[in-house]
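Here is the structure we will look at, set down as structure tokens.
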Amino acid sequence: MLFLAVLSLLVLVHEIGHFVAARKFGCKVEEFGIGFPPRAKAWKRKGIEYSLNWIPLGGFVRIKGESGEHKDESDSFASKPAWKRFIILFAGVAMNFVFAALLLSVGFMIGLPSAIDENLPSGARVSGEAVRIVTVLEGGPAAEAGLQRGDEVAAVNDRVFTNGEEARNYVKELGETPVNLTVKRSDGYHDLEVVPGYLEELEGVGIGVGFLTTGFVRFAPHLAVWHGISTTVLFTKEVAVAFVLILSNLVTGQGVAEEISGPVGIAVMTGEVARLGISYLIQFAAILSINLAILNIFPFPALDGGRIVFLLFEKIKGKPVSERVEGLVHSLGFLFLMGLVVLITYRDFVKFSDEIWGAIKGVFGV
């Protein structure tokens with residue numbers, strides 16, 4: 001349920017962007033829907049139909065002339081100049097970026113989980129410093145012992161560390177001596193013994209983990225807003241690069257990377273993040289909002305970015321692409337995206353089967 005609430009909020013924010021921009025430029029909004037049909041309830045206000053629908057996955061905006069019809073009517077989307085149509089299409093993406101910046105700004109006021117080093121920005125206030133495992137070498141001693149990325153290291157051989165470098169140096173000094181790590185997860189503490197081994201990547205003996213000093217970083221309100229905006233820009237660059245790599249892998253026939261998750265995987269991750277606390281959930285929601293923005297601005301049929309590409313063709317050619325051709329391209333793009341979602345969802349069910357069955361058993365009290 002929490003996943004549906006977060007996703008619905010992010011999609012609604014996106015659609016509000018389209019709604020406000022369309023109204024600003026005089027386009028008739030025929031319907032603003034919360035959720036997706038079948039319809040549960042509807043009412044009209046100032047000529048706009050508002051609806052509540054049974055499928056709780058965000059919402060939609062239906063704008064007059066958005067498919068190219070009613071070009072001769074002044075309140076139609078199709079009758080507006082290309083630059084106005086561009087702004088209406090881009091407004092949803094812009095709202096997701098703005099919302100991410102707002103979330104991160106609020107997050108930095110209460111404290112967001114961050115890596116801690118000597119290069120912290122001026123004015124940063126740090127609390128809850130701890131050592132976390134940020135990488136686990138696949139097939140290495142730590143992985144075999146059950147250590148996981150994200151584990152908080154409560155103790156190493158009963159010694160408490162709050163600095164990742166100190167913990168790393170201590171483990172290195174132990175050489176081939178077995179290491180007892182106490183790690184903290186959402187379900188409590190776990191004591192794990194790791195037997196060091198020779199690692200080719202290190203050309204020496206080690207346990208195969210990366211330690212990092214983490215903590216909660218907060219700022220005074222005026223600085224929090226600035227860092228919320230700058231962090232949004234940083235995350236946007238990182239997400240954009242990741243999307244380009246995904247597209248490159250698809251084009252070159254390498255398929256979808258294992259770490260890519262769909263709705264089921266994101267639902268599982270949302271639950272895990274929520275158990276860590278509100279700060280983690282705020283940060284995760286902001287990153288999801290940026291992902292939604294980047295996905296929609298991507299120049300692919302059926303997405304906002306794909307529709308913007310057709311606007312560019314219109315400006316170059318001096319006339320719009322035929323409605324039939326554009327409609328066909330968007331339909332094919334939508335089918336491809338749905339196929340990709342089905343594939344990723346199937347992989348999510350396989351990958352997260354234990355968590356899913358655990359949740360189902362919890363619902364039915366099994």
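Annotations for the structure displayed:
- Candidates Phe349, Phe334, Phe310: the one that is in a helix (DSSP H, G or I), within 30 Å of Gly68 (Cα to Cα), over 18 Å from the mean Cα position of the chain (by Cα) and modelled with pLDDT under 80 is Phe334.
- Filter result for Gly206 (outside the structural domain of Pro299 (by TED's automatic domain parsing) and either modelled with pLDDT of 90 or more or surrounded by fewer than 15 Cβ atoms within 10 Å (Cβ to Cβ) (or both)): no
- Within the stretch 102-117, the set of residues being crowded, with 20+ Cβ neighbours inside 10 Å and farther than 14 Å from Gly215 by Cα comprises Leu103, Leu104, Ser105.
- Among strands (runs of 3 or more DSSP E) entirely within the stretch 37-142, having at least 2 residues that are of a type in the set (A, V, I, L, M, F, W, C), more than 26 Å from Val11 (Cα to Cα) and free of Cβ contacts under 8 Å to residues at least 12 places away in the same chain singles out no element at all.
- Residue within the stretch 61-82 that is at pLDDT 90 or above, of a type in the set (Phe, Trp, Tyr) and surrounded by 14 or more Cβ atoms within 10 Å (Cβ to Cβ) present: yes
- A single entry from Leu181, Leu199 fulfils the requirement of being in contact with a Leu (Cβ under 6 Å, 6 or more places away or on another chain) and either without any contact (Cβ under 8 Å) to a residue 12 or more places away in the chain or surrounded by 12 or more Cβ atoms within 10 Å (Cβ to Cβ) (or both): Leu181.
- The set of residues from the stretch 196-216 being of a type in the set (A, V, I, L, M, F, W, C) and in contact with a strand residue (DSSP E or B) (Cβ under 8 Å, 6 or more places away or on another chain) comprises Leu199, Val205, Ile207, Val209, Phe211, Leu212, Phe216.
- Condition met for Glu176 (charged (D, E, K, R), in a loop (DSSP other than H, G, I, E, B), at negative phi and touching a residue at least 40 places away in the same chain (Cβ under 8 Å)): no
- Candidate set from the stretch 135-176 (those that are β-branched (Val, Ile, Thr), surrounded by 16 or more Cβ atoms within 10 Å (Cβ to Cβ) and within 27 Å of the chain's Cα centre (by Cα)); member that is modelled with the highest pLDDT: Val153
- Residues being touching a strand residue (DSSP E or B) at 6+ places or on another chain (Cβ under 6 Å) and farther than 16 Å from Tyr280 by Cα - total across the stretch 117-139: 6
- When every residue of the stretch 261-273 is checked against the conditions, none turns out to be within 30 Å of Ser67 (Cα to Cα), at pLDDT 85 or above and surrounded by 15 or more Cβ atoms within 10 Å (Cβ to Cβ).
- Scan of the stretch 22-31 for residues that are closer than 13 Å to Asp75 by Cα and either touching a residue at least 60 places away in the same chain (Cβ under 8 Å) or not in a loop (DSSP other than H, G, I, E, B) (or both), ordered by number: Ala22, Arg23, Lys24, Phe25, Cys27, Val29, Glu30
- Leading residue by the ranking (surrounded by the fewest Cβ atoms within 10 Å (Cβ to Cβ)) among those in the stretch 219-234 that are touching a residue at least 12 places away in the same chain (Cβ under 8 Å) and among the hydrophobic types (A, V, I, L, M, F, W, C): Ala220
- Among the residues of this structure, Ile34 counts as one that is in contact with a helix residue (DSSP H, G or I) (Cβ under 8 Å, 6 or more places away or on another chain) and part of a strand (DSSP E or B).
- Residues of the stretch 110-142 classified as of a type in the set (A, V, I, L, M, F, W, C) and closer than 25 Å to Pro221 by Cα, total: 8
- Of the criteria (1) modelled with pLDDT of 90 or more; (2) more than 20 Å from the chain's Cα centre (by Cα); (3) of a type in the set (Gly, Ala, Ser), which one Gly17 fails: (2)
- Selection status of Leu120, assigned by TED's automatic domain parsing to the domain that holds Phe284 and either surrounded by 14 or more Cβ atoms within 10 Å (Cβ to Cβ) or under 20 Å from Thr182 (Cβ atoms) (or both): no
The values are calculated or read from the model by the stated rules, or taken from the named source; none is laboratory data. Source: prediction; values computed, not measured. Counting neighbours? That spans all protein chains shown, and the Cβs are built from the backbone with ideal geometry, glycine included.
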